[in-house]
Amino acid sequence: QVQLVESGGGSVQAGGSLRLSCAASGIIFSAFNMAWYRQAPGKQRELVARITSGSSTNYADFVKGRFTISRDNAKKMVTLQMSSLGPEDTGVYYCTAFRTNQYWGQGTQVTVSS
């Protein structure tokens, strides 16, 4: 059974930082590409950052220079370090693992107040 469990969300003031983590089980983690998506209220889910199985990364333009995605294959975890947060970063953040199949976590809420 595949499980992706996000943690680290919460409430923070604008300009603050948060670190999200996603623990994976039930997959050969090192073989999967990983990504973080987010969904703000009333909006579609959007890609935030992606890291391939080979650790190549790419980011949405709106987070470049502020967020960093990384992975630890030994721990089967992917993290998203977020800094300089603004109210526009508020939403539910989802971890996803994809290769031929795609799996999603349940999401973790991030709320940034001005």
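One table, with the values for the structure above:
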| read-out | value |
| --- | --- |
| Enumeration of residues in region 54-110 that are in a helix (DSSP H, G or I) and free of Cβ contacts under 8 Å to residues at least 60 places away in the same chain | 61, 62, 63, 88, 89 |
| Residue match in region 27-40 (condition: closer than 18 Å to residue 111 by Cα, open to solvent by 30 Å² or more (accessible area, probe 1.4 Å) and not in a strand (DSSP E or B)) | no |
| Residue check for residue 15: open to solvent by 50 Å² or more (accessible area, probe 1.4 Å), part of a loop (DSSP other than H, G, I, E, B) and farther than 21 Å from residue 109 by Cα | no |
| Subset of region 19-38 (residues that are without any contact (Cβ under 8 Å) to a residue 60 or more places away in the chain and closer than 23 Å to residue 84 by Cβ) | 21, 37 |
| So residue 72, is it open to solvent by 30 Å² or more (accessible area, probe 1.4 Å), among the acidic types (Asp, Glu) and out of contact with any strand residue (DSSP E or B) (no Cβ under 9 Å at 6 or more places or on another chain) | no |
| Of residues in region 41-53 being open to solvent by 60 Å² or more (accessible area, probe 1.4 Å) and modelled with pLDDT of 95 or more, the one nearest to residue 81 (Cα to Cα) | 50 |
| Whichever residue in region 41-53 is assigned to a loop (DSSP other than H, G, I, E, B), in contact (Cβ under 8 Å) with a residue 12 or more places away in the chain and over 19 Å from residue 29 (Cα atoms) and, among such residues, is nearest to the chain's Cα centre (by Cα) | 45 |
| Only one of 90, 79 that is at pLDDT 95 or above, β-branched (Val, Ile, Thr) and more than 19 Å from residue 3 (Cα to Cα) | 90 |
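The values are calculated or read from the model by the stated rules, or taken from the named source; none is laboratory data. Note that the structure is predicted; figures quoted are calculated from it, not measured. Note that we place each Cβ from the backbone using ideal geometry, even for glycine, and neighbour counts take in every protein chain shown. Ligands, DNA and RNA are excluded from the accessible area calculation, which covers all protein heavy atoms including side chains. Shrake-Rupley method; radii C 1.70, N 1.55, O 1.52, S 1.80 Å.
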